Amino acid sequence: MSFFPFQLKPMPNFVEFLNAEGTLLPHEVQQINQEWQEEKSSEAELEGGILQDDALRKSSVLPIYPGEKMDWIFQRMNGVIAQANQYYNFDLNGFYEPLQLAQYGVGDFFDWHLDFGTGASSNRKLSLTIQLSEADEYEGGDLEFQINNKVVKAPRTPGTAIIFPSFIMHRVTKITKGNRRSIVGWVSGPPYR
């Protein structure tokens, strides 16, 4: 059997996820938290035509669309994503879905999943989440990654962005006390090839 190598550029700096502390300043975290409107929120949905599945995900979300009031958050995320993409070198086109302001209350969770899949999610390349709640405001609710045979917890510092490839397995553990709030978003690009 012969071995015929492709001429591929290696990615020596690849990491499963990145932390960008101070992505949002305390007054910006407060400003985003003030956007939460319980009456306008909805139960989080899943991809693939499944509206809800309480066995996999239970939380509330409120979409954040670009516009005069919220453009600054998309611009900030663009800068963070551009820096993070130095580790991945993905072809990225931008945000093709609204950001989500997500809230997890007692009993809420999102079990192990990928952000990459079929349909609209097939174009997701990088996922990001920004912690908005203080770590002592809730118990449980850890963002965790499955890295080989280890489970690794993301930091819980408000204003910290966590960026990772959308094909990395992750979850949010069940909230046992308080509320956890975060921003969630996905950056899309052309299909992997």
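The values are calculated or read from the model by the stated rules, or taken from the named source; none is laboratory data. For clarity, every value in this text was computed on a predicted model and none was experimentally measured. Methodologically, a virtual Cβ is constructed for each residue, glycine included, from the backbone with ideal geometry; neighbour enumeration extends over all protein chains shown.
Quick notes
- Scope region 89-99; condition surrounded by fewer than 20 Cβ atoms within 10 Å (Cβ to Cβ) and closer than 23 Å to R180 by Cα; matching residues: E97, P98
- Region 132-160 residues that are touching a residue at least 40 places away in the same chain (Cβ under 8 Å) and surrounded by 15 or more Cβ atoms within 10 Å (Cβ to Cβ), paired with ones that are basic (K, R) and not in a loop (DSSP other than H, G, I, E, B) (beta carbon under 7 Å, 6 or more apart): L132/R181; S133/R180; S133/R181; Y138/K177; Y138/R180
- Any chance F164 is assigned to a strand (DSSP E or B), closer than 16 Å to S60 by Cα and not charged (D, E, K, R): no
- Residues of region 179-189 include none that is of a type in the set (S, T, N, Q) and surrounded by fewer than 16 Cβ atoms within 10 Å (Cβ to Cβ).
- Filtered residue count, region 22-44, keeping only those that are part of a loop (DSSP other than H, G, I, E, B) and surrounded by 13 or more Cβ atoms within 10 Å (Cβ to Cβ): 6
- Residues in region 73-96 include none that are in contact with a helix residue (DSSP H, G or I) (Cβ under 8 Å, 6 or more places away or on another chain) and acidic (D, E).
- Only one of the numbered conditions (1) surrounded by 12 or more Cβ atoms within 10 Å (Cβ to Cβ); (2) closer than 19 Å to S188 by Cβ is not met by Q86, and that is (1).
- The residue that is modelled with the highest pLDDT, among those in region 84-124 that are assigned to a loop (DSSP other than H, G, I, E, B), over 16 Å from E144 (Cα atoms) and among the charged types (D, E, K, R), is D91.
- Of the residues making up region 102-124, not a single one is closer than 19 Å to S188 by Cα, among the β-branched types (V, I, T), in contact (Cβ under 8 Å) with a residue 60 or more places away in the chain and surrounded by 15 or more Cβ atoms within 10 Å (Cβ to Cβ).
- In region 1-18, residue modelled with the lowest pLDDT [restricted to those that are under 17 Å from I162 (Cα atoms) and surrounded by 10 or more Cβ atoms within 10 Å (Cβ to Cβ)]: F14
- The listed residues are S127, S60, S133, S41, and the only one of them that is modelled with pLDDT of 95 or more and over 14 Å from the mean Cα position of the chain (by Cα) turns out to be S133.
- Any hit, region 19-26, residues being at pLDDT 95 or above, out of contact with any Pro (no Cβ under 9 Å at 6 or more places or on another chain) and aliphatic (A, V, I, L, M): yes
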